[in-house]
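Novice: Below is one structure. I have some questions about it.
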Amino acid sequence: MSEKIADTTAEPMKPPVRNVGVYGWLRENLFNNWFNSLLTLLILYGLWQTCVPLIRWAFIDSLWFSSAEACRDIDGACWSIIPNNVSFIFFGFFPDGQQWRPLLAMLLLFALVFYSKDRKHWKRSLGVYWLLGLIVMGTLMHGGVFGLPVVETDQWSGFPLTLMLALFGMVFAYPLGVLLALGRQSRMAGIKTLCVVYIELIRGVPLISLLFMSSVMFPLFLPEGLSIDKVLRAQVAIILFTAAYIAEVVRGGLQAIPKGQYEAADSLGLGYGKTMRLIILPQALKIVIPPSVGVLISAFKDTSLVVIIALYDVLTTTKVTLSNPDWMGYSREAYLFLALLYFVCCYAMSSYSRKLEKELHTGH
């Protein structure tokens with residue numbers, strides 16, 4: 001009898017259907033009690049009342065490639081405003097027939113950014129590629145050589161202007177912010193005081209005030225007959241503003257480094273420069289990748305404020321398009337397209353920062 005019992009093995013029992021699969025997940029997370037069940041039903045009802053009309057407006061009853069007159073008789077979205085005005089929205093007042101030049105410059109910029117994403121390419125040759133690329137992009141935008149007509153910076157507008165202000169603002173603001181953070185941590189009272197005054201002063205005023213001063217106030221202090229390009233003045237204002245916020249972010253990373261790291265560098269006989277370059281800054285900058293990217297994303301979106309000094313970024317060219325009597329009343333479609341454009345750019349930066357964190361093993 002005992003041998004029969006030993007040879008007999010019980011078959012594993014499967015869990016009840018109500019505890020596994022989609023049914024089990026719904027029961028556990030959405031309908032586990034009467035309050036959650038009621039809340040789930042109310043949310044589903046709200047989504048039904050909002051999402052279904054939105055989908056119908058955006059996709060079913062909409063027009064995508066038509067004239068402005070055809071859109072007057074429909075209840076859905078008139079996405080035709082985008083393909084009919086995409087040239088002006090993206091390139092603004094750049095002369096007709098020459099818009100291939102900013103398009104080619106943007107494609108070259110995207111190619112350089114995409115190539116630079118891979119850390120394997122972070123060599124000295126990368127700087128050479130960027131230098132050559134910037135020369136080519138500047139030649140395409142300004143002209144004056146190879147038979148290209150000159151296009152003054154007053155006509156640089158749309159998406160190329162937004163990209164230029166954002167990219168150079170980020171590239172030059174970050175190292176300046178690192179220097180300001182190191183200066184604020186310095187033991188030299190003069191340098192520390194200057195950095196503290198600069199950071200607190202810049203962070204205490206809005207970007208609009210800096211742009212206004214760079215456009216209106218700054219030229220008043222220049223000698224008669226001397227003028228500085230308006231785009232350059234706006235670029236410098238954005239760099240100075242962003243650097244102050246980057247400085248505080250980096251300072252937080254420096255304070256997070258244990259004191260033992262400094263003591264270890266001293267024991268090896270390293271000077272201040274090598275200690276910061278080889279030991280402290282690499283660790284601090286890895287720590288502050290997420291907040292740094294947050295500051296840079298904000299700087300990218302803040303480029304739309306240059307409208308107050310009569311620079312036409314992609315947001316302003318969209319507003320000008322909506323001032324056309326043929327396309328008045330279609331602001332929802334235009335701003336949704338613009339929001340999607342900003343979202344794609346900001347999400348790309350955020351996604352790259354997460355990838356960089358993983359590669360550098362931040363926090364381990």
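Novice: With the condition kept exactly as written, say whether any residue in the range 224-234 is over 27 Å from Ala348 (Cβ atoms), of a type outside the set (A, V, I, L, M) and modelled with pLDDT of 85 or more. So that I can check it myself, show each step before the final result.
Specialist: Filtering the range 224-234 down to residues over 27 Å from Ala348 (Cβ atoms) leaves 224-230, 233.
Now restrict to residues that are of a type outside the set (A, V, I, L, M): 224-225, 227, 229-230, 233.
If we keep only those that are modelled with pLDDT of 85 or more as well, we get 230, 233.
Yes; the residues of the range 224-234 include at least one that is over 27 Å from Ala348 (Cβ atoms), of a type outside the set (A, V, I, L, M) and modelled with pLDDT of 85 or more.
Novice: Would you check which residues across the range 138-167 are surrounded by 20 or more Cβ atoms within 10 Å (Cβ to Cβ) and among the small types (Gly, Ala, Ser) and list them?
Specialist: Ser157, Gly158, Ala166
Novice: Here is a follow-up. Please give the number of the condition Met170 fails out of (1) surrounded by 15 or more Cβ atoms within 10 Å (Cβ to Cβ); (2) free of Cβ contacts under 8 Å to residues at least 40 places away in the same chain.
Specialist: Single failed check for Met170: (2).
Novice: While we're here: Taking into account only those residues within the range 125-179 that are within 21 Å of the chain's Cα centre (by Cα) and among the aromatic types (Phe, Trp, Tyr), which is nearest to Val249 (Cα to Cα)?
Specialist: Taking the candidates together, the pick is Tyr174.
Novice: Given the conditions (1) within 21 Å of Leu107 (Cβ to Cβ); (2) touching a helix residue (DSSP H, G or I) at 6+ places or on another chain (Cβ under 7 Å); (3) β-branched (Val, Ile, Thr); (4) surrounded by fewer than 21 Cβ atoms within 10 Å (Cβ to Cβ), which single one is not true for Ile135?
Specialist: (2)
Novice: Against the definition (in a helix (DSSP H, G or I), modelled with pLDDT of 90 or more, out of contact with any strand residue (DSSP E or B) (no Cβ under 6 Å at 6 or more places or on another chain) and under 20 Å from Tyr174 (Cα atoms)), how does Glu248 come out, yes or no?
Specialist: On the way: in a helix (DSSP H, G or I): yes; modelled with pLDDT of 90 or more: yes; out of contact with any strand residue (DSSP E or B) (no Cβ under 6 Å at 6 or more places or on another chain): yes; under 20 Å from Tyr174 (Cα atoms): yes.
Taking the combined requirement at face value, the residue satisfies it.
Novice: Just checking, does the range 231-252 include any residue being more than 24 Å from Cys195 (Cα to Cα), in contact with a helix residue (DSSP H, G or I) (Cβ under 6 Å, 6 or more places away or on another chain), touching a residue at least 60 places away in the same chain (Cβ under 8 Å) and exposed (fewer than 14 other Cβ atoms within 10 Å of the Cβ)?
Specialist: The first filter runs over the range 231-252 and keeps only residues more than 24 Å from Cys195 (Cα to Cα), leaving 231.
Still in the list and also in contact with a helix residue (DSSP H, G or I) (Cβ under 6 Å, 6 or more places away or on another chain): 231.
After this cut, where a residue has to be touching a residue at least 60 places away in the same chain (Cβ under 8 Å) as well, the list is 231.
Now narrow it down to the ones that are exposed (fewer than 14 other Cβ atoms within 10 Å of the Cβ): none.
No.
Novice: Residues in the range 48-60: is at least one over 22 Å from Thr316 (Cβ atoms), surrounded by 11 or more Cβ atoms within 10 Å (Cβ to Cβ), touching a helix residue (DSSP H, G or I) at 6+ places or on another chain (Cβ under 7 Å) and at pLDDT 85 or above?
Specialist: no
Novice: For the range 99-129, name all the residues that are of a type outside the set (A, V, I, L, M) and surrounded by 17 or more Cβ atoms within 10 Å (Cβ to Cβ). Talk me through it step by step, then tell me what you get.
Specialist: Narrowing the range 99-129 to residues of a type outside the set (A, V, I, L, M): 99-102, 110, 114-125, 127, 129.
The answer is Gln99, Arg101, Pro102.
Novice: Inside the range 184-195, can you point out the residues that are surrounded by 14 or more Cβ atoms within 10 Å (Cβ to Cβ) and free of Cβ contacts under 8 Å to residues at least 40 places away in the same chain? Explain how you work it out, then say what you get.
Specialist: First pass over the range 184-195, keeping only residues surrounded by 14 or more Cβ atoms within 10 Å (Cβ to Cβ): 184-186, 191-192, 194-195.
Of everything in the range 184-195, those that are surrounded by 14 or more Cβ atoms within 10 Å (Cβ to Cβ) and free of Cβ contacts under 8 Å to residues at least 40 places away in the same chain turn out to be Ser186, Ile191, Lys192, Leu194.
Novice: I'd like to check which helices (runs of 4 or more DSSP H) are fully inside the range 51-157 and have at least 1 residues that are without any contact (Cβ under 8 Å) to a residue 24 or more places away in the chain and among the charged types (D, E, K, R).
Specialist: Details: elements: 81-91, 100-116, 124-142.
Those helices (runs of 4 or more DSSP H) span 124-142.
Novice: Could you tell me whether the range 299-322 includes any residue that is farther than 18 Å from Gly158 by Cα and free of Cβ contacts under 8 Å to residues at least 60 places away in the same chain? Steps first, answer last, please.
Specialist: First pass over the range 299-322, keeping only residues farther than 18 Å from Gly158 by Cα: none.
The answer is no; no qualifying residue exists.
Novice: Tally up the residues in the range 323-360 that are closer than 30 Å to Val288 by Cβ, in contact (Cβ under 8 Å) with a residue 12 or more places away in the chain and over 16 Å from the mean Cα position of the chain (by Cα), please.
Specialist: 3
Novice: May I ask you to list pairs of residues, at least six apart or on different chains, whose Cβ atoms are under 7 Å apart, with the first in the range 205-217 being free of Cβ contacts under 8 Å to residues at least 40 places away in the same chain and the second being surrounded by 18 or more Cβ atoms within 10 Å (Cβ to Cβ) and among the small types (Gly, Ala, Ser)?
Specialist: Close Cβ pairs satisfying both conditions: Leu210/Ala237.
Novice: Here is a follow-up. Which of (1) assigned to a helix (DSSP H, G or I); (2) touching a helix residue (DSSP H, G or I) at 6+ places or on another chain (Cβ under 9 Å); (3) among the hydrophobic types (A, V, I, L, M, F, W, C); (4) at pLDDT 90 or above does Val197 not meet, given it meets every other one?
Specialist: (2)
The values are calculated or read from the model by the stated rules, or taken from the named source; none is laboratory data. In this text the structure is predicted, and so the values were computed from the model without any measurement. Note that we place each Cβ from the backbone using ideal geometry, even for glycine, and neighbour counts take in every protein chain shown.
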